[in-house]
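**Q** The structure is given below, and queries will be raised subsequently.
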Amino acid sequence: MSFVHALTCKECGAEYGIEPRTVCDNDFGPVEVAYDYDAMQGTVTRESIEAGPASLWRYKDLLPIEGEPRTGFNSGLTPLVKADRLAAELGVKELYIKDDSANHPTFSYKDRVVSIAITKAIEFGFDTVGCASTGNLAHSVAAHAAASGLRTFVMIPHDLEEGKMVGMSVFGPRVVRIKGNYDDVNRLCSQIADKYNWAIVNVNLRPFYTEGAKTHGFEIAEQMGWRLPRHTVVPVAGGTILPKVWKAYQEFIQLGLVEDNKPAMYAAQAEGCSPVVKAIEEGVDLFHPQKPNTIAKSIAIGNPADGYYVIKVIRDSGGWGASAEDSEIIEAIQLLARTEGIFTEPAGGTTLACAIKLIQQGRIPRDEPICVCITGNGLKTLEVMQGRFTETPVINAKMGEFDTLVKQIEEQTTESTPQTV
Amino acid sequence: MSDTITIQIPTPLRPQAGDNATVDVTGSTVGEALGALTQQFPELGGRLFKEGGNEVNRFINFYVNDEDIRFLENLDTPLKGGDELSIVPAIAGG
């Protein structure tokens with residue numbers, strides 16, 4: 001049994017059946033899955049969730065599938081790291097890293113949304129799936145589709161990082177590289193979904209796909225011991241995850257699973273692609289699209305479809321936004337690696353760099369629980385870190401040479417103090 | 001040489017556009033071309049624009065030969081014969 005009630009337009013409230021659907025027919029507003037929360041009361045409990053599988057499917061009652069999960073059996077339930085060393089460095093009391101760089105099987109938050117989308121594609125009877133992607137989504141769609149025996153087309157900008165290309169090609173999808181940026185790819189995909197009877201996960205399965213992003217928020221709450229961070233910093237690209245983490249918090253509040261501590265949401269964007277943050281800073285409701293120019297390619301979306309809702313949630317929740325320069329993104333990647341042993345991609349560096357700015361600006365108080373959402377893995381974007389480390393010494397396999405080297409290293413260490421922010 | 005502008009109609013709007021995937025109009029700006037389109041198919045007007053106004057529905061993007069009109073001159077963006085004007089719903093991604 002599912003608690004899904006209908007698809008409803010977020011703008012005009014028009015209701016639709018559970019079907020592949022891109023937008024509302026009336027006003028092109030996004031459609032969202034509506035649930036029967038009354039029926040969940042007393043049935044969806046902390047205990048029922050804790051008794052579920054060790055994956056994102058433990059939140060199945062709050063996800064829009066009708067039958068059993070068809071993929072993603074090991075996706076989600078990623079580590080929530082209590083980041084005490086990083087907290088000490090930043091001078092904050094309680095800091096968590098929600099670490100989707102460790103997601104299964106493709107090391108990004110996208111394994112959440114794709115688990116739901118591919119399950120839904122199978123439920124609807126599609127034999128071909130696809131996506132518009134900056135890389136991470138393509139990896140996830142290709143991997144989940146391969147494991148499900150579906151034909152796959154992934155549409156990507158022509159200039160993705162080499163690691164991202166290998167990481168999707170290995171699963172055997174048809175990769176289509178498109179001249180232009182992600183927004184060009186996305187526009188083409190919406191036209192492809194119109195013409196071909198394929199499940200384009202972020203187009204005609206979007207209402208179901210986006211619901212998967214809630215599991216990131218559900219897990220934060222459960223892993224914090226059934227409570228919410230007071231401040232959550234989330235990267236913003238197309239604008240899916242931030243409003244959905246917020247929705248997850250609100251659903252848990254509504255079901256009485258966590259106390260309402262008025263959680264505030266904060267957007268992180270790269271300076272070279274920051275339409276949402278600019279709109280927040282300028283106090284306007286509508287963002288102006290940008291032509292992205294940043295090393296954080298996985299979040300280089302200048303025309304975010306859900307940007308309007310990101311701005312709204314941030315306002316409603318009392319949060320804010322920040323943007324980070326490429327150099328700050330690199331520094332933050334290294335800081336997270338050095339303090340917590342987590343290697344994230346530039347999107348994660350952006351999120352941490354922006355969290356640091358918001359703390360320094362006093363927007364996020366130092367004495368309240370903070371969660372920084374890390375959504376991707378640094379091993380996919382090695383290029384951005386190349387040449388940033390001192391040359392590694394080579395010695396012969398002789399103990400004497402090793403002793404000399406260690407002595408040199410120890411002398412260097414006492415001379416220089418660790419770098420701080 | 002023809003001064004025809006071809007407008008690409010997305011699936012959700014085709015019922016209001018006589019089930020056409022493309023509609024040919026004339027007009028020297030995006031605003032004029034859309035005016036000609038909505039004159040021919042009045043039901044489209046309420047979908048493309050907020051009620052009664054010139055303000056574009058925020059979930060619809062217009063592209064002239066693959067460029068978003070917000071990077072050009074919005075509804076004042078000039079058109080010439082042979083140009084293609086696409087109506088595309090905003091789409092999520094990542």
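The values are calculated or read from the model by the stated rules, or taken from the named source; none is laboratory data. In this text the structure is predicted, and so the values were computed from the model without any measurement. Glycine also receives a Cβ, built like all others from the backbone with ideal geometry; neighbour counts cover every protein chain displayed.
**Q** In this structure, does residue A:214 turn out to be more than 12 Å from chain B (Cβ to nearest Cβ), buried (at least 24 other Cβ atoms within 10 Å of the Cβ) and among the basic types (Lys, Arg)?
**A** Working: more than 12 Å from chain B (Cβ to nearest Cβ): yes; buried (at least 24 other Cβ atoms within 10 Å of the Cβ): yes; among the basic types (Lys, Arg): yes.
So residue A:214 fits the description; yes.
**Q** From (1) assigned to a loop (DSSP other than H, G, I, E, B); (2) within 14 Å of chain B (Cβ to nearest Cβ); (3) in contact with a strand residue (DSSP E or B) (Cβ under 6 Å, 6 or more places away or on another chain), pick out the condition that doesn't hold for residue A:269.
**A** (1)
**Q** Across the range A:17-67, what is the total count of residues that are closer than 28 Å to residue A:306 by Cβ, of a type in the set (A, V, I, L, M, F, W, C) and modelled with pLDDT of 95 or more?
**A** 12
**Q** Condition first: surrounded by 24 or more Cβ atoms within 10 Å (Cβ to Cβ), on the phi < 0 side of the Ramachandran plot, in contact with an Asp or Glu (Cβ under 7 Å, 6 or more places away or on another chain) and assigned to a strand (DSSP E or B). Can you find one or more residues in the range A:324-336 that meet it?
**A** Checking the range A:324-336: at least one residue is surrounded by 24 or more Cβ atoms within 10 Å (Cβ to Cβ), on the phi < 0 side of the Ramachandran plot, in contact with an Asp or Glu (Cβ under 7 Å, 6 or more places away or on another chain) and assigned to a strand (DSSP E or B).
**Q** Residues being on the phi < 0 side of the Ramachandran plot and more than 14 Å from chain B (Cβ to nearest Cβ): count how many of those fall in the range A:308-323.
**A** Number of matching residues: 10.
**Q** I'd like to know if the range A:89-99 contains one or more residues that are touching a helix residue (DSSP H, G or I) at 6+ places or on another chain (Cβ under 6 Å) and among the charged types (D, E, K, R).
**A** There is at least one residue in the range A:89-99 that is touching a helix residue (DSSP H, G or I) at 6+ places or on another chain (Cβ under 6 Å) and among the charged types (D, E, K, R).
**Q** Within the range A:239-247, is even one residue under 26 Å from residue A:333 (Cβ atoms), crowded, with 19+ Cβ neighbours inside 10 Å, within 14 Å of chain B (Cβ to nearest Cβ) and basic (Lys, Arg)?
**A** yes
**Q** Is it fair to say residue B:44 is within 14 Å of chain A (Cβ to nearest Cβ), closer than 20 Å to residue A:29 by Cβ and in a helix (DSSP H, G or I)?
**A** Answer is yes for this residue.
Residue-by-condition table, conditions (1) under 30 Å from residue A:242 (Cβ atoms); (2) in contact with a Ser or Thr (Cβ under 9 Å, 6 or more places away or on another chain):
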| position | (1), (2) |
| --- | --- |
| B:3 | no, yes |
| B:8 | no, yes |
| B:12 | yes, yes |
| B:16 | no, no |
| B:49 | yes, yes |
| B:57 | yes, no |
| B:65 | no, yes |
| B:75 | no, yes |
| B:88 | yes, yes |
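**Q** A follow-up question, please. Using beta carbons and a limit of 6 Å, which pairs, at least six apart or on different chains, have the first residue in the range A:119-147 and at positive phi and the second one crowded, with 24+ Cβ neighbours inside 10 Å and among the hydroxyl-bearing types (Ser, Thr, Tyr)?
**A** Cβ pairs passing all conditions: A:135/A:298.
**Q** Need the failing condition index for residue A:38 against (1) in contact with a strand residue (DSSP E or B) (Cβ under 7 Å, 6 or more places away or on another chain); (2) surrounded by fewer than 20 Cβ atoms within 10 Å (Cβ to Cβ); (3) not hydroxyl-bearing (Ser, Thr, Tyr), just the number.
**A** The number of the failed condition is (1).
**Q** Name the residues in the range B:53-81 that are touching a helix residue (DSSP H, G or I) at 6+ places or on another chain (Cβ under 9 Å), in a loop (DSSP other than H, G, I, E, B) and either of a type in the set (D, E, K, R) or surrounded by fewer than 17 Cβ atoms within 10 Å (Cβ to Cβ) (or both), would you?
**A** If the condition is that a residue be touching a helix residue (DSSP H, G or I) at 6+ places or on another chain (Cβ under 9 Å), in a loop (DSSP other than H, G, I, E, B) and either of a type in the set (D, E, K, R) or surrounded by fewer than 17 Cβ atoms within 10 Å (Cβ to Cβ) (or both), then B:54, B:58, B:66, B:72, B:73 are the ones that fit.
**Q** Is there a residue in the range A:292-307 that is more than 17 Å from residue A:184 (Cα to Cα), surrounded by fewer than 24 Cβ atoms within 10 Å (Cβ to Cβ) and within 13 Å of chain B (Cβ to nearest Cβ)?
**A** No.
**Q** Something else about it: Any residue that is free of Cβ contacts under 8 Å to residues at least 60 places away in the same chain, loosely packed, with under 13 Cβ neighbours inside 10 Å, more than 12 Å from chain B (Cβ to nearest Cβ) and among the aliphatic types (A, V, I, L, M) - is there at least one of those in the range A:9-21?
**A** Within the range A:9-21, not a single residue is free of Cβ contacts under 8 Å to residues at least 60 places away in the same chain, loosely packed, with under 13 Cβ neighbours inside 10 Å, more than 12 Å from chain B (Cβ to nearest Cβ) and among the aliphatic types (A, V, I, L, M).
**Q** With in contact (Cβ under 8 Å) with a residue 60 or more places away in the chain and assigned to a strand (DSSP E or B) as the only criterion, which of A:354, A:371 stands out? I'd like the intermediate steps shown before the answer.
**A** Values: A:354 fails: assigned to a strand (DSSP E or B).
Among A:354, A:371, only A:371 is in contact (Cβ under 8 Å) with a residue 60 or more places away in the chain and assigned to a strand (DSSP E or B).
**Q** Here's something else I'd like to know. Determine whether the range A:35-51 contains at least one residue that is under 16 Å from residue A:211 (Cβ atoms), touching a helix residue (DSSP H, G or I) at 6+ places or on another chain (Cβ under 8 Å), among the aliphatic types (A, V, I, L, M) and in a loop (DSSP other than H, G, I, E, B).
**A** There is at least one residue in the range A:35-51 that is under 16 Å from residue A:211 (Cβ atoms), touching a helix residue (DSSP H, G or I) at 6+ places or on another chain (Cβ under 8 Å), among the aliphatic types (A, V, I, L, M) and in a loop (DSSP other than H, G, I, E, B).
**Q** Right, here's the next one. Regarding residue A:235, is this residue buried (at least 24 other Cβ atoms within 10 Å of the Cβ), touching a Cys at 6+ places or on another chain (Cβ under 9 Å) and within 14 Å of chain B (Cβ to nearest Cβ)?
**A** Yes: the conditions hold for residue A:235.
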